[in-house]
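The structure under discussion appears below in the form of structure tokens.
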Amino acid sequence: QVSAALRAGRVSATELCQRCLSRIKSTGFLNAYISVAEQAALRQAEESEKRHSRGQPLGVLDGVPVAVKDNFNTAGIETTCASNMLKGYVSPYNATVVQKLLDQGAVLLGKTNLDEFAMGSGSTDGVFGPVRNPWSYSRQYKEKSTPNSHSEDKDSNWVITGGSSGGSAAAVSSLTCFAALGSDTGGSTRNPAAHCGVVGLKPTYGLISRHGLIPLVNSMDVPGILTRCVDDAAVVLGSLAGHDPRDSTTVQDNFKPFEVPDLADVSKFTIGIPKEYHAPGLSGETLALWAKAADLFKSAGAKVVEVSLPHTRYSIVCYHVLCTAEVASNMARFDGLEYGHRSDVEESTESMYAATRREGFNDVVRGRILSGNYFLLKQNYEKYFVKAQKVRRLIADDFVKVFGSGVDVLLTPTTLSDAAPYREFIRADNRTRSAQDDILTQAVNMAGLPAINVPTALSERGLPIGLQFIGRSFQERQLLTVAKWFEKQVQFPVIELEEVKQHDQGVFKHQKSAASS
């Protein structure tokens, strides 16, 4: 709609950009952005406006404001991964996905907040502080939350966004941009999408280039897409997908962008319900919503069958071993010599390495590095890493068998429940929370399959609950077609944000203007 308005001249790219920048300032208390590239965004908007006036837009995204998670390299804008290790680091190049957005004329507003190096499921562990869920300030949530006489307690009643792409999810949910990029290693796009009431797409591994995405787990990382509807996710996917000579893991075949059809009849589809996803800790509300969604497909004529993915119960342990092993390898590059933070300790090269990493990484990152190196020790390699790789193959084979039996799409919950209050969330350590929160999403990453979160309904507390659709490898069109049909049936409500100007806009002093970019 906004793309059509830009082409028709009903709104100018500059006006649209200014509105979004104003919205970013008025929602600063959410802490969704780490950097806001105001001057660069306005310049990009002015160029877009000139192209539209000539009738020569670069594409559907020309003039559309977008945001990017701060673990994608951006030339001229600081890339921090929400870590002291990379504070002040400015990449000399753009990540492929960022460059593709710019080549389409998209207006890059800034970089969004995350867990440090994307290690977390709450967007609470970054050096710039936690991200607040926009729904914490919605009319829907406030009407159902318990009033508190103490203003300090009232302010702390906010809920988390999920993670680790919580900043991107909050940016889209709070209407500061029309699309945002996240990354998805074990659910880091779908999890915050579910908690923030937006669409979160994890494409098939290899469909979108990882070049310029600072790696967490190379064999599972995928750039994710966050939008407010399924059609928008398809538009962004069409702009980003395809082979990249800089990333040998991308597919060689050309990708043809597609429009998601309006499906009238779902009777030709078979929807699988994996029984193993009745996971411990699944809330009654989420379970009821999952059953209701299955009934919705059944009443519309689709074939709904219970299926089994027997190795799912091993997946979270398997994921932990493989994740930490690759983290240990990837984090080795941050040694204080080439880029990023460097300690002042000068006794020896080795002491400088150790001090740099101690000062630059938080406890979560250091803990994963230690775990990964333990699993990769010569005496442990076969027992842990190799065995986990074998289990990963079994998990992937489970999906192959299910889809081979005639199932088109799997329907599961995305998260165990709605978003937890921040105070409650931080009672458990990062590893415990990640193990709980990734249990329904990370198996998809190990199998390399596409999956999408579709916001489905509000909980009794007035917070979003999403459901996940899992598709066959490289069958994004079919997956998004089913997701769009479902989206149309459920009619998820629009967030009604309370007046944001009453909040202190100066709470988060770190938010800087990347004016020099």
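The values are calculated or read from the model by the stated rules, or taken from the named source; none is laboratory data. Bear in mind that the values here come from a model prediction, so they are computed numbers and not experimental data. Ideal geometry is used to build each Cβ from the backbone, glycine not excepted, and the neighbour counts take in all protein chains shown. The protein model used for the area step is the full one, side chains on, heavy atoms only, and it has no ligands, DNA or RNA in it. Shrake-Rupley method; radii C 1.70, N 1.55, O 1.52, S 1.80 Å.
Things to note:
- Some residue of segment 111-133 being more than 19 Å from the chain's Cα centre (by Cα) and open to solvent by less than 10 Å² (accessible area, probe 1.4 Å): no
- Test: residue in segment 53-74 that is free of Cβ contacts under 8 Å to residues at least 24 places away in the same chain and basic (Lys, Arg): yes
- Residue within segment 227-243 that is over 21 Å from the mean Cα position of the chain (by Cα) and either of a type outside the set (Asp, Glu) or over 18 Å from Ala451 (Cβ atoms) (or both) present: yes
- When the helices (runs of 4 or more DSSP H) confined to segment 1-69 are screened for residues that are open to solvent by 10 Å² or more (accessible area, probe 1.4 Å) and polar (S, T, N, Q), those reaching at least 3 such residues are found at 13-26, 38-53.
- Number of residues in segment 382-439 that are farther than 21 Å from Thr189 by Cα and in contact with a Lys or Arg (Cβ under 6 Å, 6 or more places away or on another chain) equals 1.
- Output for segment 78-107, where each listed residue is open to solvent by 10 Å² or more (accessible area, probe 1.4 Å) and of a type in the set (Val, Ile, Thr): Val90, Thr96
One line per residue, one yes/no per condition, for (1) closer than 28 Å to Gly162 by Cα; (2) crowded, with 22+ Cβ neighbours inside 10 Å; (3) out of contact with any Phe, Trp or Tyr (no Cβ under 8 Å at 6 or more places or on another chain); (4) polar (S, T, N, Q):
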| position | (1), (2), (3), (4) |
| --- | --- |
| Leu213 | yes, yes, no, no |
| Asp231 | yes, no, yes, no |
| Gly242 | no, no, no, no |
| Asp247 | no, no, yes, no |
| Gln252 | no, no, yes, yes |
| Ser267 | no, no, yes, yes |
| Leu282 | yes, no, yes, no |
| Val304 | no, no, no, no |
| His311 | yes, no, yes, no |
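- Where helices (runs of 4 or more DSSP H) sit wholly within segment 422-495, those with at least 2 residues that are closer than 22 Å to Val365 by Cα and out of contact with any His (no Cβ under 9 Å at 6 or more places or on another chain) occupy 422-425, 430-437, 442-447.
- Of all the residues in segment 457-492, those that are open to solvent by less than 10 Å² (accessible area, probe 1.4 Å) and in contact with a helix residue (DSSP H, G or I) (Cβ under 8 Å, 6 or more places away or on another chain) number 15.
- Members of segment 114-126 found to be of a type in the set (S, T, N, Q) and touching a Phe, Trp or Tyr at 6+ places or on another chain (Cβ under 6 Å), listed by number: none
- Once segment 335-365 is narrowed to residues that are over 24 Å from the mean Cα position of the chain (by Cα), part of a loop (DSSP other than H, G, I, E, B) and closer than 21 Å to Asp125 by Cβ, the residue that is modelled with the highest pLDDT is His341.
- In segment 165-173 there is no residue matching the filter, namely being within 22 Å of Ser22 (Cβ to Cβ), open to solvent by 30 Å² or more (accessible area, probe 1.4 Å) and either β-branched (Val, Ile, Thr) or touching a residue at least 40 places away in the same chain (Cβ under 8 Å) (or both).
- Entry remark, segment 46-93: residues being among the polar types (S, T, N, Q) and touching a strand residue (DSSP E or B) at 6+ places or on another chain (Cβ under 9 Å) number 7 in total.
Conditions (1) of a type in the set (A, V, I, L, M, F, W, C); (2) modelled with pLDDT of 95 or more; (3) in contact with a helix residue (DSSP H, G or I) (Cβ under 9 Å, 6 or more places away or on another chain), marked per residue:
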residue	(1), (2), (3)
Arg7	no, no, yes
Thr14	no, yes, yes
Ser22	no, yes, no
Glu38	no, yes, yes
Arg43	no, yes, no
Glu49	no, yes, yes
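- Subset of segment 418-454 [over 30 Å from Asp397 (Cβ atoms), touching an Asp or Glu at 6+ places or on another chain (Cβ under 8 Å) and at pLDDT 95 or above]: Asp418
- On inspection, Lys25 fails the criterion of being under 29 Å from Phe361 (Cβ atoms), touching a residue at least 24 places away in the same chain (Cβ under 8 Å), in contact with a strand residue (DSSP E or B) (Cβ under 9 Å, 6 or more places away or on another chain) and not hydrophobic (A, V, I, L, M, F, W, C).
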